[in-house]
Amino acid sequence: MFYSNLRNGGTILCYVLCLRPGVSLSKSVYQSPSTSLVKPNASVTLNCSHKIPRYDTVLWYKCSVEDMALNLIAYIYYKTPTVEPSYKGYFDVKGDGENEAFLHILKPRQNDDSGEYFCAASIHSGTET
């Protein structure tokens, strides 16, 4: 989070979203933008793309500044989006898990949404019964 005092005694509050480029052995997961300053109540969209054959899921994580825990926000399996319950209404995910997904931060919430955001690509490992 970034604070700046104005001459008339006001304060500007901005959120810093730091993004790490995707890491994989094949170096074919890409995330953008690399950094973003977001004003309160301004939405932002993050992009993740990959070219890994047979990978069908893109996952989005956030590492918060307070506890450094890596929390799953949302994922998209093929074209089916899922937002974790505690993030519904604040985040949305769209796209296609086979190549590109977008994480929309709809309503940034002060400290709650400050942190580093990561995307990952994977193969869904669920089994059918």
- Message: Run the reach check for LYS62 against aspartates and glutamates, Cα to Cα strictly under 13 Å, same-chain hits fewer than 8 apart removed. What comes back?
- Response: GLU84, ASP112, ASP113, GLU116
- By a straight-distance test (C-alpha under 13 Å), which aspartates and glutamates pair with LYS107 as possible cross-link partners, with residues fewer than eight away in the same chain excluded? ASP92
- Tally Lys and Arg at +1 and Asp and Glu at -1 over the other residues with C-beta under 11 Å from the C-beta of HIS104: what net charge comes out? +1
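If you rank SER125, SER43 by fewest surrounding Cβ atoms within 10 Å, what's the result? All intermediate terms of the calculation are to be shown ahead of the outcome.
Working: SER125 6, SER43 11.
Sorted ascending by nearby Cβ count, the order is SER125, SER43.
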- Message: Net charge within 14 Å of GLU66 by Cβ-Cβ distance, Lys/Arg positive one each and Asp/Glu negative one each, not counting GLU66 itself?
- Response: -2
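Only the coordinates and a few stated rules stand behind these numbers; no lab work does. The structure presented is a predicted model; accordingly, all values stated were derived computationally and were not measured. Cβ: placed from backbone, ideal geometry, glycine included. Neighbour counts: every protein chain shown.
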